[in-house]
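Below is one structure, written out as structure tokens, with a few remarks after it.
The values are calculated or read from the model by the stated rules, or taken from the named source; none is laboratory data. If you're wondering where the values come from, they're calculated on a predicted model, not measured in any experiment. Don't worry about glycine lacking a Cβ; one is built from the backbone with ideal geometry, like all the others, and counts go over all protein chains shown.
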Amino acid sequence: MFSHCVIFWTDPANSEAADALLAGMEQYLRPIPGWLHFSCGKMQPSERAVVDCSYAVGLNLVFPDREAEAAYQVHPQHIEFVEKVFKPLCTKAVVYDFA
């Protein structure tokens, strides 16, 4: 298994950015073949000091292997998501990949 987690910070001046980012994930990313698990959602506040609440949206994908994740990265819909959704709406993203 290969896990690909992405944490997104949206433009704070755009109050609709998190919802638009999630809609873009559903439109462009969910249809890409190859993943075993796909989940995305808004940051959930926590009173625990160890929980980072500074981001807006998280994306978690699990692939059968690194090769499947690599194919996802170059898929035309992923490229389109980056250009049409991520770049206009986000100020930062951090990726955590692990196997």
Are there any pairs, at least 6 apart or on different chains, whose C-beta atoms fall under 6 Å, with the first in the range 1-16 and more than 30 Å from LEU36 (Cβ to Cβ) and the second of a type in the set (S, T, N, Q) and exposed (fewer than 15 other Cβ atoms within 10 Å of the Cβ), and if so, which?
ASP11/THR91
Taking the range 74-98 and keeping residues exposed (fewer than 14 other Cβ atoms within 10 Å of the Cβ) and either modelled with pLDDT under 95 or in contact with an Asp or Glu (Cβ under 8 Å, 6 or more places away or on another chain) (or both) leaves THR91, ASP97
For the range 67-99, give me each residue that is in contact (Cβ under 8 Å) with a residue 60 or more places away in the chain and over 18 Å from PRO31 (Cα atoms).
LEU89, CYS90, THR91, LYS92, ALA93, VAL94, VAL95, TYR96, ASP97, PHE98, ALA99
Would you check which residues across the range 33-66 are of a type in the set (Gly, Ala, Ser), surrounded by 10 or more Cβ atoms within 10 Å (Cβ to Cβ) and either closer than 13 Å to PHE8 by Cα or touching a residue at least 24 places away in the same chain (Cβ under 8 Å) (or both) and list them?
GLY34, GLY41, ALA56, GLY58
Give the range 9-46 a look and list any residue that's part of a loop (DSSP other than H, G, I, E, B), among the hydrophobic types (A, V, I, L, M, F, W, C) and closer than 19 Å to LEU89 by Cα, or say none.
ALA13, MET43
Of all residues in the range 59-73, which are over 13 Å from the mean Cα position of the chain (by Cα) and either assigned to a strand (DSSP E or B) or modelled with pLDDT under 95 (or both)?
PHE63
